[in-house]
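Heads up: the structure comes next, in structure tokens.
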Amino acid sequence: MRLAKVAPLEKDAGGKRVKRRTCVTILLGFAVVVLIDCLIRWRQAQALDNITLVGIFSELQGHDAQAPSSQSSQTLDGVLLVLLPDVGTGDLAAEGPAAIPRGKNITSSRPTSYTSFRVASPDTVPSQLAWITGQHPSRHGTLHAQDISDYSLIPADHNALLKTLRAANVKVGHFGTWDLPSDIAADTDDHLITADAQQAVRAAQHFIKRCVDANQRFYAQVWLPPVDLAFESGSWARELLEREPGVSDDSPTCRDIRRRTTHPHRYKSCPRMIHRANKRRERELVGNVIDTLFATAPNLPFLAAVSSTNGPETPEIYGHAAGSTHYRGKKRSLYDGGIRVPFLVWTSPSVVTHTPQSRPHLVSALDWAPTCVSFFGIPTLKGSAERDGIDHSAYFLGPGSLPLRRAPLVWEWREPTPDSHCIEVAPRLAIMYDHKYKLFLEPSELGNVSNPLHVELYRVHDEGAAHQGHYERANLVKVSKLQSIAAHHIAGLQTWHAEMYPDTTPRASVRGSCREHFEAAFSTRQKMSSAQENKARAAQKNVRGIIIMLADDLGFGDLSAFNAPVQSEPHDNDDSYMNRAGGSVFRPNTPSLDRLASQGVVFSNFYANAAVCSPTRASLMTGRYPFHSAVAMHWQTATSAAESEYFGVTPYLGAATDEPPTNAQAPLQDPIVPRARPNVYLSRLFREAGFVTGHFGKWHLGNLPKTEAHRSPLHPSYGIDEAKVYSASKGVLPSSATYEHNDLYFASHIQRDVVTQTIEFLRARVERKERFFVNFWFQNAHAPLNLAEDGQQARELGLGFAKLPFPERQFASLVEKERFPNEAADPHLPLQIYRALLKDHDQQVGRLVDWIDSQGLRDDVLIVYLSDNGPENAGVYFASQGSAGPFRGGKRSLYEGGLRVPLVMRGPGLAANTLWSRPGMTADILPTVARYAGISLNASLTSAVEGVDLFSANEDRSLLFEFRGWAHGADCMAHSARFAVRRGRFKLYAEPRDPRQAIPRKLDPIELYDLEADPAEMTSVLGEFPEEAKRMTQALFDYLHSDNYDQAYTPSRKARAKRRQQLVQCRQWLANSSLPVGEPYLRVKHTQIGRDDLFRFPFVFDENNL
């Protein structure tokens, strides 16, 4: 073969042109290759999307689109279904600690996990009914477990699956619970109804062996009864409980069982410890029955499936409930946490399958019945043709495509979601056409879905992404490019609703949102009139005394005066549904504080100046921001020099300035310190005005002093005449002025002790006719929370063993024994301990207030009650079970749950049972009470105080917050940005563009919330109000670069990096993945974050940018 000659390349300028042409040709070729690859990928994705889109557009056009045949060419000889009760996605997985134990006979390396599997109902019995009928529970009015008592509503063929299989000579067995009305004996070849999970599994194992030995095809379903080892008295149960880790202070499972390593265990167990042991026992039982299947029929084609009836239960309904879900909501909620459950499938070696180990497409429990009969080669279910499920057998047994749904999946829940946070209370209807989008709709008060009260749209899965789902947080219903999707889903709900309720209207009742929850808490109080406001602003120069009561780690929802039922269902008033669901016995009940609130002013928008203890207390004492240069209390006072250097914090209040003079009589108008910007201390202000001052209870404002005197609140600079204190950070030396608080049962008696000391101080003042100022700083609800040693304190406070939330069938016989049968389980529950000591807190408040009133001082004394920050997280201390009410976050979070706290004022000139809604903060207390007592601040003192009189504050002023620590023990919903600003109805969160800068040169707003419409801070409106965000960011930036801000603040780089890493990881989770939420940060940290991601900004996750 003769090759053609190639002409030589031109040289010089022409050569350069040829080279350029060659480069262009190569680039164009590369671009074509990339384009072809993209087209191939797009067609592959389109093939999946078209399955759903064909159904959508066919329905819109009125055509009955027919699905391709989805029946598998393979048939099975055996099928096993195991349903576990109340199991979330964090309790059962294909691999890892929550995996089913692999027995010696199980040949599959791991099961296939269907990651977008949802049950038909968030309640147990309706869900079970859907599994065996293939029908939506709404078709026969079975919306919750109690509806099953009306047998007339249940269709005669509700056992269609079992009847169909028996008619085809398939042996049918049922083992475990059975709460349906029919006689199970008539529809099975073998059955055992039992509340003993171990008996149920053994019976299923014997049934499978008999069927295999007789060469019979079989279907076995095990509806496993609840397992609670605390109620088992056998040694095997005790050994399993004692084997479960979680009794050390550093364990994420069960903190605070012992206070320190030097103390013995205070409690034997905690619910999470018991729950983990229970779930491990359940998984062992399931593993046993699956292993039996593999061992008995190794050569037969069979399939085993394990799933749950619904999401995890709440501990208020069942005392040892501590289930975990990756998603929002729990049992009785239509959010994914209530209906999106594990679904794991094993197949025998003889089943030819190319199924990947994880399949993301939308599958429902409604599909089980038609799919199951197809496994045995049976074409259809017997009975009614109105089946809502579809046959997935080809999809389960091989690489078959997902069959076309002729109708969407719809969920309905019209009952309350008892004792859940309001963000878990979903609208009553939900719909999905595919696994990507999920829409919620709240009908009108007349049950009309055509004119809904509320609509939510969420993206719950990204096609092709490695992530398996999204937390339903940012409502996308207003995103313009998604309007057509939302409209189509609403139309689908309207069609479904008309089919389900052609002649009747469902009960007309409105589901309460977080906003309605918040408003309902104050609906009985009247806003102050103009005349009442003017009177509140007037000085009460003859006031005899001021008492400031500061609670510790008390949440907004811990007081019944600040709490309201989440829902307004008609039968909520008598708690009938709560009682049917198991009852709730630990609701907030604070009658003394409620009485105080009814006698004074309640503040609904009051903020602690920080999300932790010491900084808020510093603001109360100084009237300044805790990050002011003269306060410098960015974090808790340090307990060691190393900790002080790590966090960059001051060792005690006042350490940021020079040594104050020792002359206690130095006039306050003169500079207390040589520096130009000294602190004004609240107690000293009153002392110089002629009041006798006292401080009783917690101090927590002094550590690592330069001199011993700085450790004591009796140092002259503070202006305190008498004190009896303790400090959580060991900063006060033992003396006659301190409490010994290192005993195990400190929390059980300290509040009573402090009230006694305070009353003695006040008695002396009354006898001598002296004016008084008292700081009374409580211990509770701060951890550790330990009941008295005799074990009777909870009973004495009205929260004894007889009120624990456990089913009567397990609990009734144990009331007199005052303990569980298993000696390894403790009869005290965390919420019981917390509410009991909170009840003690309430009683001690009432005791002090009653003493004041008994002395005829009710109209002569101002009482101020508030909290230092939001509730502690249970991931830190197991008995910390405080409530932030309708808000997101808690202690160590700048979200509302960490900062919004109760404030009540009662005193002369303040109208009773009134409401004050303008925002305020802890630093406002100093100027407010000073003005109230007739103490005038001169120009020098006024300039030194950053707070303002609460009753004269501008509604649109900016309140600034900073938290440089991390929300350890909290879930990702609580991890906030470093800075926050409250202005009017908005709250902004901002991050330094470069987190390596201690004083940021640039700030980036990342979230903006409208607190009037969205108090739970779920949907950012940053894109809707950019100018508002700009104003708030500028106010923050101006303060950070002023002389007021602590420019010397220098935390370690490692501390800054840790905080940033947690924030970045959690924001990635909220936007992109389904890593566990509701778990300690220990579970989140495994997300890999590159170094560049930590320092690259703007790092903004805006769900509107789709």
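Annotations
- Residues located in segment 912-969, provided they are in contact with a helix residue (DSSP H, G or I) (Cβ under 9 Å, 6 or more places away or on another chain), more than 28 Å from E1028 (Cβ to Cβ) and small (G, A, S): A912, A930, A933, S936, A944, G969
- Within segment 124-142, the set of residues being surrounded by 24 or more Cβ atoms within 10 Å (Cβ to Cβ) and assigned to a loop (DSSP other than H, G, I, E, B) comprises G134, Q135, H136, T142.
- Qualifying residue in segment 164-173 (condition: part of a helix (DSSP H, G or I), more than 16 Å from A365 (Cβ to Cβ), modelled with pLDDT under 90 and over 37 Å from the mean Cα position of the chain (by Cα)): no
- Scan of segment 343-374 for residues that are farther than 23 Å from N105 by Cα and at pLDDT 90 or above, ordered by number: V363, S364, A365, L366, D367, W368, A369, P370, T371, C372, V373, S374
A quick yes/no check of all residues on (1) of a type in the set (A, V, I, L, M, F, W, C); (2) at pLDDT 80 or above; (3) outside any helix (DSSP H, G or I):
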| residue | (1), (2), (3) |
| --- | --- |
| A474 | yes, yes, yes |
| Q483 | no, yes, no |
| A487 | yes, yes, no |
| G492 | no, yes, no |
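One line per residue, one yes/no per condition, for (1) over 30 Å from E456 (Cα atoms); (2) in the same structural domain as H461 (by TED's automatic domain parsing); (3) assigned to a strand (DSSP E or B); (4) in contact with a strand residue (DSSP E or B) (Cβ under 8 Å, 6 or more places away or on another chain):
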site	(1), (2), (3), (4)
I290	yes, no, no, yes
S307	no, no, yes, yes
P312	no, no, no, no
D367	no, no, no, no
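- Count of residues meeting criterion [among the hydrophobic types (A, V, I, L, M, F, W, C), at pLDDT 85 or above and not in a helix (DSSP H, G or I)] in segment 661-700: 6
- Taking the numbered list (1) in a loop (DSSP other than H, G, I, E, B); (2) modelled with pLDDT of 95 or more in turn, M549 passes all entries but (1).
- Remark: pairs (first residue in segment 830-846, touching a residue at least 12 places away in the same chain (Cβ under 8 Å); second residue part of a helix (DSSP H, G or I) and of a type in the set (V, I, T); Cβ separation under 8 Å; 6+ apart in sequence or on different chains) = Q844/V754; Q844/V755.
- Total residues in segment 58-98 satisfying the condition of being over 42 Å from the mean Cα position of the chain (by Cα) and modelled with pLDDT of 90 or more: the figure is 2.
Every residue, every condition in (1) assigned to a loop (DSSP other than H, G, I, E, B); (2) free of Cβ contacts under 8 Å to residues at least 12 places away in the same chain; (3) surrounded by fewer than 24 Cβ atoms within 10 Å (Cβ to Cβ); (4) under 15 Å from the mean Cα position of the chain (by Cα), yes or no:
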| residue | (1), (2), (3), (4) |
| --- | --- |
| G870 | yes, no, no, yes |
| N873 | yes, no, no, yes |
| A879 | yes, no, no, no |
| F887 | yes, no, no, yes |
| A911 | yes, no, yes, no |
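- Once segment 832-862 is narrowed to residues that are charged (D, E, K, R) and within 19 Å of Y267 (Cβ to Cβ), the residue that is surrounded by the most Cβ atoms within 10 Å (Cβ to Cβ) is R835.
- Every listed requirement among (1) over 18 Å from N1044 (Cβ atoms); (2) touching a His at 6+ places or on another chain (Cβ under 7 Å) is met by P615 save one, (1).
- Of residues in segment 586-635 being hydroxyl-bearing (S, T, Y) and touching a Lys or Arg at 6+ places or on another chain (Cβ under 7 Å), the one modelled with the highest pLDDT: Y607
- The set of residues from segment 281-304 being small (G, A, S) and surrounded by 23 or more Cβ atoms within 10 Å (Cβ to Cβ) comprises just one member, A304.
- Selection within segment 206-239 - within 23 Å of A321 (Cα to Cα), among the β-branched types (V, I, T) and modelled with pLDDT of 95 or more: V222
- E463 vs. criteria at pLDDT below 90, farther than 26 Å from G557 by Cβ and assigned to a helix (DSSP H, G or I): no
- Subset tally (residues that are at pLDDT below 85 and of a type in the set (G, A, S)) for segment 264-291: 1
Matching residues to (1) touching a residue at least 24 places away in the same chain (Cβ under 8 Å); (2) closer than 12 Å to A824 by Cβ; (3) part of a strand (DSSP E or B):
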| residue | (1), (2), (3) |
| --- | --- |
| A185 | no, no, no |
| L192 | no, no, yes |
| H206 | no, no, no |
| V222 | yes, no, yes |
| R238 | yes, yes, no |
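Let's see how each residue does on (1) hydrophobic (A, V, I, L, M, F, W, C); (2) closer than 20 Å to Q128 by Cα:
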residue: I184; (1), (2): yes, yes
residue: N215; (1), (2): no, no
residue: Y219; (1), (2): no, yes
residue: P225; (1), (2): no, yes
residue: G234; (1), (2): no, no
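- So G947, is it of a type outside the set (A, V, I, L, M), within 34 Å of the chain's Cα centre (by Cα) and closer than 22 Å to I1006 by Cβ: no
- Which listed residue is at pLDDT 90 or above and in contact with a Gly (Cβ under 7 Å, 6 or more places away or on another chain), from L1008, L950, L959, L1036: L950
The values are calculated or read from the model by the stated rules, or taken from the named source; none is laboratory data. Quantities reported herein were computed from a predicted structural model and do not represent experimental measurements. Ideal geometry is used to build each Cβ from the backbone, glycine not excepted, and the neighbour counts take in all protein chains shown.
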